[in-house]
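**Q** Okay, handing you the structure first.
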Amino acid sequence: MTVHSTVADVTARIEERSRDSRARYLERIRAAGEAGPKRGTLSCGNLAHGFAACGITDKERLAGDVVPNLGIITAYNDMLSAHQPFERFPEMIREAAREAGAVAQVAGGVPAMCDGVTQGQTGMELSLFSRDVIAMATAVGLSHQMFDAAVYLGICDKIVPGLMIAALSFGHLPAVFLPAGPMPSGLPNDEKAKTRQLYAEGKIGRAELLESESKSYHSPGTCTFYGTANSNQMLMEIMGLHLPGASFVNPNTPLRDALTREGAKRALALSALGNNYTPIGEMIDARAIVNGVVGLHATGGSTNHTMHLVAMANAAGIKLTWGDISDLSDIVPLIARIYPNGLADVNHFHAAGGMGYLIGELLSEGLLHEDVKTVNGTGLSGYAVEARLAEDGTLAWVPSEKTSADPKVLSTVKDPFQPNGGLKMLDGNLGRAVIKVSAVKPERRVIEARARVFTSQAAVIDAFKAGELTEDFVAVLPFQGPRACGMPELHQLTPTLGVLQDRGLTVALVTDGRMSGASGKVPAAIHVTPEAATGGPIAKVRDGDLLRIDAETGRLEVLVDAAEFEARQPTTADLSAHQQGVGRDLFAAFRAAAGPADEGAHVFGA
């Protein structure tokens, strides 16, 4: 089917806007690719260091420089449940490489932060910046120039975007992303949310809360709600960087292991020493980026990707804007209901048809570019399939069903859960912002209420506990942006604001900080830019100002006299408490260099 006119138009304007930067990027990576594998130019001492720990056969292969060497970048640690399964992956990948007559080495490890552990804690102020640290750590691993292709082991919030930025920096190398999969379903996510609200109200104690949380987060694998981690997996598959059907297969299963081994072999086949050289920098173009945005809208994905996708695209010389994301939201319907946008978790989504059904449905209605390159060696139609193990244990793909196995979880473009995407961009005299509407009831998408300005999420919770929040209000939290304190997620506010909303109050949030990718039913205008720390209008808001958040028309406004508001001096804040402790002193350069949210909030410059 012909691609939708808006999809085509947005893609064309991205290509035009990116013409010069993309040309410079492609020139750079093509020059690197034409130079061929670098091992042959290393000195004998360099090369001997590079394979000193290898076995005899691998040494002989690498010394001859005639077989591909696969670099493994791993974000393994065993505190982070989503990444614990990666402990087994390097050996599986080495075995797969040897079966293909090649070599694989762990090129480096990168940090992997769990936002679930740091939520509401000091460490959350390092979370966003960890994305750029991961990109730089990956670059260090690959800078040895021992490798012809790379596989990337990462799942969670900042890890996949960081790996992606680095993979595109080394855009002459083919790349395959290898997921580990979600944990099996535990306590339903809506029950967990109810327990959190009961705890916020003081109706249950810590023991009951911990029991609930432990039943929800209970085993190796990704958390099962549809936050940033699982949005990452959707993106990697719809952008062609996973093998088809790989995203949501549970860890430590025969099918998961088979997909991991095959992913390693595909990366080797895509190298310049294989028969189908496909570097990631050529593969990820404006069409692939637009496909990612479409997938994000169709599934009600994480708000964090309004920054991550911009930063990832920038790494490939592609200039994606919030305006592009907003225009695509207007024509892409929401066809997936996964918590917090519904009651199902990602395992239910996978069972209902998962990525294969989703991609097939969006392709059939012209909402995706089919004519893209993928690690599978096909166009995107090759991803409208389901991965299975044949009777002999070999990996096979079968066409996805044309109808959803559960219409309450996966619907159709013609009969969607809502007619437009799960994310909306806001604009007005308070600046630009993002709001996730897929979990917000229609009657709560236009909010008009008085501002209550707070210095922190703890101050909101304290006011709630003191019984001070008894009237409609918009909680305004300035000085939460990247230059102020690293742009932490303010997800700890969700139970408190949810309780107040359930009590019948009109409540909302406006902040230059972030919310979790799992943000739910409370309207939240987030990522406000310019941020308060750079003198943005949010720093001029005062208690009692009337604010309007209109997710229908895309407006974010303070309804006061324009001249009086313009004349106000922005407030300032003492941010010294955010500059030391828990490693924050090491990130002063990041806070100083961070760009605005609508440009990806990265530290790498233009």
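**Q** Could you size up the charge dipole of the chain around its Cα centre, putting +1 on the beta carbon of Lys and Arg and -1 on that of Asp and Glu, and report it in debye to the nearest 20? Walk me through the intermediate numbers first.
**A** Values: 54 positive and 67 negative charges, 119 e Å.
Taking the Cα centre of the chain as origin, the dipole is about 580 debye.
**Q** Which angle between 0 and 90 degrees, to the nearest 10, do you get for helix 354-364 versus the longest principal axis of the chain when only C-alpha atoms count?
**A** Relative to the chain, helix 354-364 is tipped by roughly 90 degrees.
**Q** Also, quick follow-up: List the aspartates and glutamates whose Cα sits under 18 Å from the Cα of Lys158, skipping any in the same chain fewer than 8 residues away.
**A** Asp78, Asp115, Glu125, Asp132, Glu237, Glu489, Asp598, Glu599
**Q** For the chain, take the longest principal axis of its alpha carbons; what is the angle in degrees between that and the long axis of helix 127-142, to the nearest 10 within 0 to 90?
**A** On a 0 to 90 degree scale, this one is about 10.
**Q** Between Glu468 and Asp78, 0.36 nm times their residue separation minus their Cα-Cα distance comes to what?
**A** 136.2 nm
**Q** Is the C-alpha gyration tensor of segment 196-341 telling us rounded, prolate or oblate? Criteria: a/c under 1.5 is rounded; beyond that, a/b larger than b/c is prolate, otherwise oblate.
**A** oblate
**Q** Please report the relative contact order for the chain, taking Cα pairs under 8 Å with a sequence separation of at least 6, and give it as a percent rounded to a whole number.
**A** RCO, the chain: 14 percent.
**Q** In segment 361-421, with Lys and Arg counted as +1 and Asp and Glu as -1 at Cβ, which of these residues, His369, Ala384, Pro399, has the Cα nearest the positive end of the dipole, that is, farthest along it?
**A** His369
**Q** Right, something else. Rank these residues by their accessible area, most exposed first, probe 1.4 Å: Tyr339, Tyr383, Tyr217, Tyr277. Don't skip to the end; give the middle numbers.
**A** Details: Tyr339 40, Tyr383 0, Tyr217 75, Tyr277 95 Å².
I get Tyr277, Tyr217, Tyr339, Tyr383, largest accessible area first.
**Q** Also, quick follow-up: Can you compute the equivalent ellipsoid semi-axes for segment 1-139, i.e. the square root of 5 times each eigenvalue of the Cα gyration tensor, sorted largest first and rounded to whole Å?
**A** 33, 28, 16
**Q** Follow-up. Starting from 0.36 nm per residue, how many nanometres of slack lie between Ala63 and Gln569 once their C-alpha separation is accounted for?
**A** Stretched out fully, the Ala63 to Gln569 stretch lengthens by 175.5 nm.
**Q** By the gyration tensor of its Cα atoms, with a ≥ b ≥ c the square roots of the eigenvalues, what is the shape of segment 355-416: rounded for a/c under 1.5, prolate for a/b over b/c, or oblate?
**A** oblate
**Q** Please give the length that would be gained between Arg19 and Glu87 if that part of the chain were fully extended, namely 0.36 nm times their separation in residues minus their C-alpha to C-alpha distance (nm, one decimal).
**A** Full extension of this stretch gives 20.3 nm more.
**Q** Give the relative contact order (percent, whole number) for segment 421-563; include only Cα pairs under 8 Å separated by 6+ residues.
**A** Details: 335 pairs, mean separation 49.5, N = 143.
That works out to 35 percent.
**Q** Between Leu586 and Glu448, how many nm apart are label points set 7 Å from Cα along the C-beta direction?
**A** Here the answer is 5.0 nm between the modelled labels.
**Q** In whole Å, what is the distance between the alpha-carbon centres of segment 189-225 and segment 410-443?
**A** 27 Å
**Q** To check you understand DSSP bridge types, tell me what percent of the beta bridges within the chain (both residues inside) are antiparallel, rounded to 5.
**A** Counting only bridges with both partners in the chain, antiparallel ones make up about 45 percent.
**Q** Quick one: grab the alpha carbon gyration tensor of segment 289-363, order the square roots of its eigenvalues as a ≥ b ≥ c, and give me rounded if a/c is under 1.5, else prolate or oblate depending on whether a/b is larger than b/c. Intermediate values should be presented prior to the final figure.
**A** Numbers: a/c = 2.00, a/b = 1.88, b/c = 1.06.
The shape class here is prolate.
**Q** May I pose another question? Find how many whole Å separate the alpha carbon centroid of segment 56-119 from the alpha carbon centroid of segment 450-525.
**A** Cα centres, segment 450-525 to segment 56-119: 41 Å.
**Q** Right, here's the next one. What are the trypsin sites (Lys or Arg not before Pro) within segment 328-431 that DSSP puts in a loop, where the Cβ has at most 13 other Cβ atoms within 10 Å?
**A** Qualifying residues, ordered by number: Lys402, Lys408, Lys414.
**Q** Wrap a convex hull around the Cα atoms of the chain, take a quarter of its surface area, and give that in square nanometres.
**A** 26.7 nm²
**Q** If you fit an axis through the alpha-carbon atoms of helix 5-17 and take the longest principal axis of the Cα set of the chain, what angle between them do you get, 0 to 90°, nearest 10?
**A** Compared with the principal axis, the helix lies near 80 degrees.
**Q** For the residue pair Val117 and Asp427, what label-to-label distance in nm results when each label sits 7 Å from Cα along the Cα-to-beta-carbon direction?
**A** Roughly 4.2 nm, to one decimal.
**Q** Between segment 287-350 and segment 158-181, how many Å separate their Cα centres?
**A** Each part's Cα centre sits 18 Å from the other's.
**Q** Of the listed pairs Lys203/Lys521; Lys319/Lys540; Lys194/Lys465, which have alpha-carbon separations greater than 29 Å here? Show your work: numbers first, answer last.
**A** Numbers: Lys203/Lys521 21 Å; Lys319/Lys540 31 Å; Lys194/Lys465 18 Å.
Cα-Cα > 29 Å for Lys319/Lys540; rest within.
The values are calculated or read from the model by the stated rules, or taken from the named source; none is laboratory data. What you are looking at is a predicted structure, and each value in this text was computed from that prediction instead of being measured. All Cβ positions, even for glycine, are placed from backbone atoms using ideal geometry, and neighbour counts span all protein chains on display. When the accessible area is computed, the model is the full protein with side chains, heavy atoms only, and any ligands, DNA or RNA have been set aside. Shrake-Rupley method; radii C 1.70, N 1.55, O 1.52, S 1.80 Å.
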